[in-house]
Ligand code: DGY
């Protein structure tokens, strides 16, 4: 008898067909008003779940006693309690590697957009303010030749370091639990304590995964250590930063600006003070959101699911 999968993310026809050849697939559209109710109805009897952007907590997992595998279409696994999954004997898989370069591109897009005030000045032109040549009030700051501080030197951190060193002639400093001799050799990166990174970097880019150790990593004290001309870039998770402390630092111009792709609450509320600040570029968690990369992530998630259902250990098992 075929195993049962609940799919809560849309897949391309070819990927859906691959899953359907191996399993009985129930599709749930969480964007519909009855999406969560339909998911709850589908959980009893499900052997596999495939999707993203949903906190699969104990109240949902309790409804799925047959569950063997969750294939997350994401690299981040902060939506899952891995200790609880271990206890239940559920394998979790994710989609690393395929999104590394695209997410690093997002980081650099935010670095350039904030430093050169791209969004603010494009809106300024649109609003009819470009009446004469630019003056100091519209000047931005350089990116090339500056110091990039990368917090978390995983795959995405390394891809940022490559762009910074090879493309922009930047000095790279980083903070991570373990030294990365390869990154140091290739890009001249220097590993420093977090306080030193905050004090020295012109751009502080957060790439750490969200965990108990990184939640609130950047708070008032850390923001106070940054240079007044420095810019904070967050492409990791919103909760790595104390958002109110950041709003205060931006409102008082304690730091120059912020490029934020992730927020404590997503979608970001339209009345968030962050959206009133000209020195903030806020994007809707576009980290990996290109057609090619999202398709590659979906393919990876399907491969992981099919391997698990066939009784093999998936290439990207996070636990088990
Ligand atoms: C991930 O995969 O965790 C990213 O945040 C999605 O863009």
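How far apart, in nm, are two points set 7 Å out from the Cα along the Cα-to-Cβ line at residue 190 and at residue 271?
4.7 nm
Between residue 125 and residue 290, what is 0.36 nm times their sequence separation minus the Cα-Cα distance? Round to one decimal in nm. Provide the component values of the computation, followed by the final result.
Working: separation 165, 0.36 × 165 = 59.40 nm, distance 2.73 nm.
Here the segment from residue 125 to residue 290 would lengthen by 56.7 nm.
Could you sort 196-204, 53-61 so that the peptide with the highest average Cβ count within 10 Å comes first and the rest follow in order? Please list the in-between numbers first.
Working: 196-204: 22.1, 53-61: 14.7.
Those peptides, ordered most packed to least, come out 196-204, 53-61.
From the gyration tensor of the Cα coordinates in segment 100-282, what semi-axes in whole Å does the equivalent ellipsoid have, largest first, with each one equal to sqrt(5λ)? Mind showing how you got there, number by number?
Numbers: eigenvalues 136, 78, 42 Å².
Working through the eigenvalues yields semi-axes of 26, 20, 14 Å.
So what is the relative contact order for segment 134-265, in percent, with contacts set as C-alpha pairs under 8 Å and at least six apart? If you can, show how the numbers build up before the last one.
Numbers: 248 pairs, mean separation 27.8, N = 132.
Relative contact order of segment 134-265: 21 percent.
In cubic angstrom, how much convex hull volume per residue do the alpha carbon atoms of segment 35-108 span? Please list the in-between numbers first.
Numbers: hull volume 6.9 nm³, N = 74.
Measuring per residue, one finds 93 Å³ for the Cα hull of segment 35-108.
Assuming R0 = 30 Å, what is the FRET efficiency of residue 215 and residue 88, from their Cβ-Cβ distance, to the nearest 0.05? Before the final figure, lay out the partial values.
Numbers: r = 24 Å, r/R0 = 0.79.
Given R0 = 30 Å and the Cβ-Cβ separation, E is 0.80.
Between residue 16 and residue 319, what length comes free when the chain is fully extended (0.36 nm per residue of separation minus the Cα-Cα distance, one decimal in nm)? Display every interim value, and only then the final one.
On the way: separation 303, 0.36 × 303 = 109.08 nm, distance 2.53 nm.
Full extension of this stretch gives 106.6 nm more.
Looking at the chain only, what percent of DSSP beta bridges run antiparallel? Nearest 5 please.
Bridges in the chain that DSSP calls antiparallel: roughly 5 percent.
How much length, in nm to one decimal, is gained on full extension between residue 97 and residue 31, taken as 0.36 nm per residue of separation minus their Cα-Cα distance?
Values: separation 66, 0.36 × 66 = 23.76 nm, distance 2.75 nm.
Once the chain is fully extended between residue 97 and residue 31, it gains 21.0 nm.
Which of the peptides 80-91, 215-226 is most tightly packed, and how do the rest follow, judged by the mean count of other Cβ atoms within 10 Å per residue?
On the way: 80-91: 15.5, 215-226: 17.2.
In descending order of packing, they fall as 215-226, 80-91.
With runs of 4+ DSSP H residues as the only contributors, calculate the mean residue ellipticity of the chain at 222 nm using -39,500 (n - 2.57) per run, divided by the residue total and rounded to the nearest 500. Walk me through the numbers on the way to the answer.
Details: 12 runs with 110 residues, N = 320.
Taking each H run of at least 4 residues, the total per residue is -10000 deg cm²/dmol.
For segment 1-66 and segment 231-255, write down the distance between their C-alpha centroids in whole Å.
Measuring centre to centre over Cα atoms gives 36 Å.
For Cα pairs less than 8 Å apart in space and 6+ apart in sequence, what is the mean separation divided by the residue count of the chain, i.e. the relative contact order in percent?
Details: 588 pairs, mean separation 59.5, N = 320.
This gives 19 percent for the chain.
Considering the chain as a Gaussian network with a 10 Å cut-off on Cα pairs, which listed residue, 258, 213, 282, attains the greatest mean-square fluctuation?
Maximum fluctuation in the GNM of the chain, among the listed residues, is at 213.
So for each of 125-136, 285-296 I average, over its residues, the number of other beta carbons within 10 Å; can you give me the resulting order with the highest mean first? Can you show the working numbers first?
On the way: 125-136: 8.0, 285-296: 16.6.
Those peptides, ordered most packed to least, come out 285-296, 125-136.
Hey, what's the per residue convex hull volume over the C-alpha atoms of segment 269-308, in cubic angstrom?
On the way: hull volume 3.8 nm³, N = 40.
In segment 269-308, the Cα convex hull volume per residue is 96 Å³.
Under Stokes-Einstein, with the Kirkwood radius over Cα pairs standing in for Rh, what whole-number D in µm²/s applies to the chain at 37 °C and 0.692 mPa s? Don't skip to the end; give the middle numbers.
Numbers: Rh = 21.2 Å.
Stokes-Einstein gives a translational diffusion coefficient of 155 µm²/s.
We did not get these values from a lab; they are worked out from the coordinates using the rules stated. For clarity, every value in this text was computed on a predicted model and none was experimentally measured. Quick reminder, even Gly has a Cβ in these numbers, built from the backbone with ideal geometry, and neighbours come from all protein chains shown.
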